[in-house]
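Peer 1: Shown below is the structure under consideration.
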Amino acid sequence: MSRIGKLPIPIPAGVSVQWETPVLKVKGPKGELTVVVKPPTQVAVDAGVLKLTRPDDERSSKSNQGLYRSLLNNAVHGVSSGYEKKLEVLGVGYKAEVTGKILKLTLGFAFPKEFPIPAGIGIKVEKDTIVIQGIDRQQVGDVAARIRSYRPPEPYKGKGIRYQGEQVRRKAGKAAVGGKK
């Protein structure tokens, strides 16, 4: 039984949902998203609640119902309040700045890395923190992962780009070797 797929999705005030098989359009104060729901999963919109149904109890039907319920819930949450990820830039001389539609990262390489900011994403830099905002949860997470991949945190000094609150396991350096006798 799909426990997640059975749960109804409450539609907050200010969000409108339009179901035209197989596309669900979600509009809210932050923007508009569309989710394609493949058959046999069906969506019903009644009294401010979205419900997903499936015709049978096959394994693929159950898993698709849970998948589409999560995607629709993310879309409703995204257009109403949005998503945000924070990255920390740690290291001597490491910095980030936004110029126009480009994020410039100085990470100890010979030249600064330039990351073009995609449409639908907002990036702010506050001291050593990069704040990524958007309505599409997948896109926000993907942008954060791509920025982090330029210089992931290394285990010896811990410098690099990490998610806020991420714990980096530190390794001990080389032990001092005694001289030859």
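Peer 1: So for the pair Glu126, Glu154, with labels modelled 7 Å out along Cα→Cβ, what separation do we get in nm?
Peer 2: Label-label distance for Glu126 and Glu154, simple model: 2.9 nm.
Peer 1: A 22 angstrom limit on the alpha carbon distance is what I want to check against. Which of Lys85/Lys157; Lys124/Lys157; Lys95/Lys157 exceed it?
Peer 2: Beyond 22 Å between Cα atoms: Lys85/Lys157; Lys124/Lys157.
Peer 1: Let me ask another. For segment 26-54 and segment 120-181, compute the distance between their C-alpha centroids and round to whole Å.
Peer 2: One Cα centre to the other: 36 Å.
Peer 1: Could you compute how fast segment 3-80 diffuses translationally, taking Rh as the Kirkwood radius over C-alpha pairs and applying Stokes-Einstein at 25 °C with viscosity 0.890 mPa s? Give it in µm² per second.
Peer 2: So the translational diffusion coefficient is about 197 µm²/s.
Peer 1: Could you work out how far helix 137-148 tilts from the main Cα principal axis of the chain, as a 0 to 90 degree angle to the nearest 10?
Peer 2: 10
Peer 1: Label 7 Å along Cα→Cβ of Lys51; segment 1-26 residues with amide nitrogen under 11 Å?
Peer 2: 7-9
Peer 1: While we're here: Mind pulling the angle between the C-alpha long axis of helix 59-80 and the longest principal axis of the chain? Nearest 10 degrees, somewhere in 0 to 90.
Peer 2: Taking Cα atoms only, the helix is inclined about 70 degrees.
Peer 1: Around Val168, which amide H atoms from residues at least 5 apart in sequence, or from another chain, sit under 5 Å from its own amide H, with H modelled in the peptide plane?
Peer 2: Residues meeting the criterion, in which the H sits 1.01 Å from N, do not exist here.
Peer 1: Something else now. What distance in nm separates the two pseudo spin-label positions at Ala172 and Lys6, each 7 Å out from Cα along the beta-carbon direction?
Peer 2: My value for the distance between the label points is 5.2 nm.
Peer 1: Below 15 Å, Cα to Cα, which aspartates and glutamates can Lys159 reach? Residues fewer than 8 away in the same chain don't count.
Peer 2: Straight-distance partners of Lys159: Glu88, Asp128.
Peer 1: If you wrap a convex hull around the alpha carbons of segment 83-163, what volume per residue comes out, as a whole number of Å³?
Peer 2: Output value, Cα hull per residue: 81 Å³.
Computed from the coordinates by the stated procedures, all read-outs in this text should not be read as laboratory data. From a predicted model like this one, the values you see are computed outputs, not experimental measurements. Here the Cβ is made from the backbone with ideal geometry for all residues, glycine too, and neighbour counts use every protein chain on show.
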